[in-house]
1. Would you check which residues across the range 152-200 are in a loop (DSSP other than H, G, I, E, B), under 25 Å from Ile265 (Cβ atoms) and not charged (D, E, K, R) and list them?
2. Regarding the range 291-314, can at least one residue be identified that is open to solvent by 50 Å² or more (accessible area, probe 1.4 Å), without any contact (Cβ under 8 Å) to a residue 24 or more places away in the chain and more than 16 Å from ligand 2 (Cβ to nearest atom)?
3. Given the criterion farther than 18 Å from Gly175 by Cα and within 16 Å of ligand 2 (Cβ to nearest atom), identify the matching residue among Arg130, Arg23, Arg29.
4. Determine which member of the set Ile168, Ile124, Ile118 is within 16 Å of ligand 1 (Cβ to nearest atom) and either buried (at least 23 other Cβ atoms within 10 Å of the Cβ) or more than 17 Å from Ile33 (Cα to Cα) (or both).
5. Checking the structure you have, find out if any residue of the range 23-41 is surrounded by 15 or more Cβ atoms within 10 Å (Cβ to Cβ), more than 18 Å from Ala103 (Cβ to Cβ) and touching a residue at least 24 places away in the same chain (Cβ under 8 Å).
6. Tell me which helices (runs of 4 or more DSSP H) are completely within the range 55-143 and hold 2 or more residues being more than 25 Å from Ile299 (Cβ to Cβ) and touching a Gly at 6+ places or on another chain (Cβ under 9 Å), or say none if there are none.
7. Of all residues in the range 279-302, how many are closer than 25 Å to Val186 by Cα, within 16 Å of ligand 1 (Cβ to nearest atom) and hydrophobic (A, V, I, L, M, F, W, C)?
8. Could you check how many residues of the range 16-30 are over 11 Å from Arg130 (Cα atoms), in a loop (DSSP other than H, G, I, E, B) and at pLDDT 95 or above?
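The values are calculated or read from the model by the stated rules, or taken from the named source; none is laboratory data. Just so it is clear, the model here is predicted, and its values are computed rather than measured. Positions of Cβ are generated from backbone atoms using ideal geometry, with glycine treated the same way; all protein chains shown enter the neighbour counts. Calculation scope for accessible area: heavy atoms of the full protein, side chains included, ligands and nucleic acids excluded. Shrake-Rupley method; radii C 1.70, N 1.55, O 1.52, S 1.80 Å.
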Amino acid sequence: MNVVYSRDHLIHNPQWEIFQGERIPHVERPERIESIIASLKGSKHPILSPGQFSTRYIYSVHTKNYVDYIKRLSGSLQEGQSLYPSYYILDTYTPILSGTYKAAKNAVNCALTGAQLIRKEQQIAYALCRPPGHHSEKDRLGGYCYFNNAAIATEYLSQFGTVAILDIDFHHGNGTQHIFYNRSDVLYVSIHADPSVRYPYISGFSSENGTGEGLGFNKNYPLPLGTRNDGYRKTLQRTLTDIKKFSPSFLVVSAGFDTYINDPIGGFNITMPFYKIIGRDIASLRLPTLIVQEGGYEITDLGEIASNFIEGFT
Ligand code: OKP
Ligand code: ZN
């Protein structure tokens, strides 16, 4: 499996988030992706640099005003400054820094490079995107996300066939759901923590099924805090059945590893060896698959989690 990675994510280095009116240390750290790449470097998987793609791909999912706003704000800041914008936001956890635009665009390039690989060679690719993307809506940032990497890659792939998105991050991907909510050529399926007790709170309930032409093409599987391997696997099997029924040309996996038992902001009890099983179960679909990195904040173990997942997949 090809891994797509670039050091350009390092420039986005948020120090704080504002949580319940207090400044607390930011968990979406550059060390996350460095932990993963360090672990994969010893493996047989080739590591590729992303290509450059036009901003037009970002505009295919996000409004021009929103994208330009992030670019302009980011460009106006000094190194080390951070700004919590008042417009186009879902929350106060997602600051803009001088490096944010460049890093977020690089994450999109990683996802698109992976998407191109799976389209042309019908293979599997792993895009080491950072910052993550799945909370970002058409014109709103939030949940540490600016541009929706998985959605932009999906939009690109959807020109060539139908796409299923399987979101296994601990948090519901409200942004991805929002972007494809009225589409029948893109199926969004997500397993995540019960939104009545965990971020993003506003969406991720099982009653959200899509709208218009997209009715029936959005499926949410919220699970209680404390969910363990066996309970998780039952739900995972259900999502795989949904995807098989849809029979897509491509699969995009929004892979967050904050379901891990020791994750500092998660609340499930998934154990280290189980990531191999999750990878193997998803790979059993035998689809050209793009894996897009989302969350996962236990920095010390993150590399090992990703390696287990990839090993199970291949
Ligand atoms: C992003 B992704 C914790 C409260 C803020 C925001 C969660 C964003 C998760 N101090 N929680 O889905 O991993
Ligand atoms: Zn998450």
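1. Ile168, Phe170, His171, His172, Gly173, Pro195, Ser196, Val197, Tyr199, Pro200
2. Within the range 291-314, not a single residue is open to solvent by 50 Å² or more (accessible area, probe 1.4 Å), without any contact (Cβ under 8 Å) to a residue 24 or more places away in the chain and more than 16 Å from ligand 2 (Cβ to nearest atom).
3. Arg29
4. Ile168
5. Checked the range 23-41: at least one residue is surrounded by 15 or more Cβ atoms within 10 Å (Cβ to Cβ), more than 18 Å from Ala103 (Cβ to Cβ) and touching a residue at least 24 places away in the same chain (Cβ under 8 Å).
6. Passing ranges, in order: 100-121.
7. Residues flagged as closer than 25 Å to Val186 by Cα, within 16 Å of ligand 1 (Cβ to nearest atom) and hydrophobic (A, V, I, L, M, F, W, C) within the range 279-302 amount to 2.
8. The qualifying residues number 2.
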